[in-house]
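Read-outs: derived from the displayed coordinates by stated rules, not from any lab. Because the structure is predicted, anything quoted here is derived from the model rather than measured. Cβ placement follows ideal geometry from the backbone for every residue including glycine, while neighbour counts extend to all protein chains displayed.
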Amino acid sequence: MNTETIVAGLKQVRESKPLVVNITNYVVMNNSANALLALGASPIMAHSQQEMAEMMSFAGALVINIGTLDSAWTPRMIHAVEQANLNKKTVVLDPVGCGASVLRTETSRQIAAWAESLIIRGNASEIIALAGERAQSKGVDALDSSEAAVGAARYLVEAYNCNVVVSGATDYVVTSQGETQLNNGHEMMPYVTGMGCSLSALTGAFAAVGENTGLAAAAVMGVVGEIAAERAKGPGSLQVEILDALYQLDEATLLKRLKIS
Ligand SMILES: Nc1ncnc2c1ncn2[C@@H]1O[C@H](COP(=O)(O)OP(=O)(O)O)[C@@H](O)[C@H]1O
Ligand SMILES: Cc1ncsc1CCOP(=O)(O)O
Ligand SMILES: [Mg+2]
């Protein structure tokens, strides 16, 4: 059942090329746009309140990534979430660096509370901090294991009526129905900035075609990370190989490589 959902989601994204609106950070705008294109979706990075109502009327989903947050961004993010709600579009929240500062933690909670259809995708330390537990977060990288964040993810599912993807060596997709584990990916992936942000962007593409758990995106990202690592010499080539692997990914390879439980 799960694997069927993943494969069907990939097919649908490629067929319908959904527009994914991203309010994302300065570090990863290019990576995230390229990841969406390589998957088969259509990205737009849009920040202005003046165009968000129009954008959300025809977009498939909204991705909010707080990576380079400042006070000017917060009202834009809230406005975009309001427009997504009005148009019944799913919001993917990437709470980058949640727990590293009060600003990031409080803004993440504000956005999560505002969104009516929500997927949260974060690393373990971010998910733990968002749930109000003590995380080991100092910056944007996880210092906790994804296993340690499953309880926090379950709390967030209840608190915000959402689905949660905790990424890491094992990815956990947590919904009100329970948890799914994915054991793909590669240990070199955290040495490239924006891998988690790309995963969040892909989550938006799948949400646009109705796959609202985050599972398909995590599966695809893990499998392409693994394929790319076999070809890469280090983080530089891994970044490029991931785009190529995303573009080349076929259903048979996805199913053969998938380590899901
Ligand atoms: N140690 C690891 N082994 C395998 N895959 C990993 C590992 N760490 C991260 N990944 C993969 O890298 C991607 C980004 O996850 P993560 O590093 O947790 O996000 P972030 O960049 O937000 O901290 C996910 O697809 C995840 O599965
Ligand atoms: C390094 C950095 N600083 C602010 S946003 C950002 C990118 C984080 O990307 P990811 O969480 O996907 O590694
Ligand atoms: Mg991140």
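Numbers below:
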read-out	value
Segment 195-220 - residue that is more than 7 Å from ligand 1 (Cβ to nearest atom) and closer than 14 Å to residue 24 by Cβ and, of those, farthest from the chain's Cα centre (by Cα)	205
Residue list for segment 175-223, filter: within 13 Å of ligand 3 (Cβ to nearest atom), in a loop (DSSP other than H, G, I, E, B) and surrounded by fewer than 19 Cβ atoms within 10 Å (Cβ to Cβ)	193
Matching residues in segment 137-166 - criterion: being within 13 Å of ligand 1 (Cβ to nearest atom), part of a loop (DSSP other than H, G, I, E, B) and of a type outside the set (Val, Ile, Thr)	137, 138, 139, 141, 142, 143, 144, 145, 146
Those residues of segment 38-84 which are among the hydrophobic types (A, V, I, L, M, F, W, C), surrounded by 14 or more Cβ atoms within 10 Å (Cβ to Cβ) and either in contact with a Ser or Thr (Cβ under 7 Å, 6 or more places away or on another chain) or assigned to a loop (DSSP other than H, G, I, E, B) (or both), in sequence order	41, 45, 46, 59, 61, 63, 66, 69
Lone unmet requirement of (1) over 12 Å from the mean Cα position of the chain (by Cα); (2) of a type in the set (Asp, Glu); (3) crowded, with 24+ Cβ neighbours inside 10 Å for residue 241	(3)
All positions within segment 74-104 that are touching a helix residue (DSSP H, G or I) at 6+ places or on another chain (Cβ under 6 Å), within 16 Å of ligand 1 (Cβ to nearest atom) and β-branched (Val, Ile, Thr)	92
